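Structure first, then comments.
Quick note: the coordinates plus some simple rules give every number you see, no bench work behind them. Small disclaimer: the values here were computed from a predicted structure and weren't measured. Glycine gets a Cβ as well: all are built from the backbone with ideal geometry, and neighbour counts include every protein chain shown.
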Amino acid sequence: MQIFYAPEIETLHELPEAESQHCVKVLRMKEGDEIGIIDGRGTRYRAEIVLAHPKCCSVRLLEKVAAPNPWTAQVHVAIAPTKNLDRIEWFAEKTTEIGIDSITLLRCRFSERKELKTERLNKILVSAMKQSLKAVLPQLSEMTPFAEFVARPFDGQKFIAHCYQEGERRELTELYRPGENALILIGPEGDFSPEEVEQALACGFQPVMLGPSRLRTETAGVVACHTIHVMNQLNPK
C-alpha cells in the first residue's frame, strides 16, 4: 500500500498538494483506491480516495492506528552542518531511517556553514520517515549558536564528541546508560574550539569518543545515533 504524509489529515481529509500530485499524477491512483497515510505525530490511517484531484486529493478515513516510535529513550543529535549540503542531507536521511527524535543544527566557531534553510532537509526527513515505515517525523531545529544550545536544560545524558587528546575521554559505549534519553554534540570538520569544549563540560556534557577512527561530521552523527539504539536493543529496560 502506498504511504502518504498528511499532518492535518483528520481536519482536512485531503492530502497536501505535493502528495496529491504524486498520488494522482505520478502513481495514477483513482477514486476507490486505498492508501496509507501518516501524520508525522505517531498515527497511521487507512483511507479510500474519494476525489482524485492532483492539487487536493480527498479521502475517506477507514481506520486509525496508533504507531509511536518503537523505542522509548529519546535520541537527540546536535550537529554542525557541513559545507557540502549533500553530506548533511545524507546524515538527516540515515538517522531518520535508523531512528532519531530530534536534530538541531549548531553554529560553532569553526563551522563551515553558518546558515542553512531547513525546507529541503524537512522534505528529506519526510521521505526517509515514509521509506522506513515510521509514523513520527523527527523534530528539526533551526541553526542555533553553540553557547545558547548547551545552556539549555535536557532531561537525560549529555555528551560531546571531540578529537582533542587533552583531558579524559571515554567511549560512548562506556558512558551511556541504556534506557536514558541521550543528547550528543557533533562538531564541524575543524572540530569544536577548545573554548566550546570547556563550555559544554561546564554545562554537564561528558566528553566521548566514537571508536578509534577519525570520522567525518556526518558519519560521526550517524554512528552516535546507531550506537545509542544498539545499546538499548542489547540492554532493554
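Calculated [222 nm] ellipticity per residue, helices only, for the chain: -8500 deg cm²/dmol; basis is -39500 (n - 2.57) per DSSP H run with n ≥ 4, divided by all residues, nearest 500. When you restrict to C-alpha pairs under 8 Å that are six or more residues apart and normalise by the size of the chain, the relative contact order lands at 19 percent. Determine which aspartates and glutamates satisfy two conditions relative to Lys158: a Cα distance under 18 Å, and not lying fewer than 8 residues away in the same chain. Excluding near neighbours in sequence, the set is Asp101, Glu148, Glu168, Glu171, Glu174, Glu180, Asp191, Glu195, Glu196, Glu198.
Shape analysis of region 3-66 based on the Cα gyration tensor places the equivalent ellipsoid semi-axes at 17, 12, 10 Å, largest first.
With semi-axes defined as the square roots of five times the eigenvalues of the C-alpha gyration tensor, the equivalent ellipsoid of the chain measures 38, 19, 14 Å, largest first.
Taking Cβ atoms as reference points and 14 Å as the exclusive limit, the residues near Gln206 contribute a net charge of -1, counting Lys and Arg as +1 and Asp and Glu as -1.
Only aspartates and glutamates eight or more places from Lys117 in sequence, or on another chain, were considered; those with a Cα closer than 18 Å are Asp86, Glu89, Glu93, Glu142, Glu218. Stokes-Einstein diffusion of region 41-80 at 10 °C, 1.306 mPa s viscosity, Kirkwood radius from Cα pairs, rounded to a whole number: 120 µm²/s.
Largest first, the three principal axis extents of the alpha carbons in region 103-237 are 43, 39, 30 Å in whole numbers. Label region 1-142 by shape, choosing from rounded, prolate and oblate, from the square roots a ≥ b ≥ c of the eigenvalues of the Cα gyration tensor; if a/c is under 1.5 it is rounded, and otherwise prolate applies when a/b is larger than b/c, oblate when it is not. Prolate, because a/c is 1.5 or more and a/b exceeds b/c.
Among the listed pairs Lys55/Lys114; Lys25/Lys130; Lys25/Lys83, those with a Cα-Cα distance over 30 Å are Lys55/Lys114; Lys25/Lys83.
As a calculated quantity, the FRET efficiency between Asn122 and Leu201 at R0 = 41 Å, using C-beta atoms, amounts to about 0.80. Between the alpha-carbon centres of region 138-179 and region 78-128 there is a gap of 16 Å.
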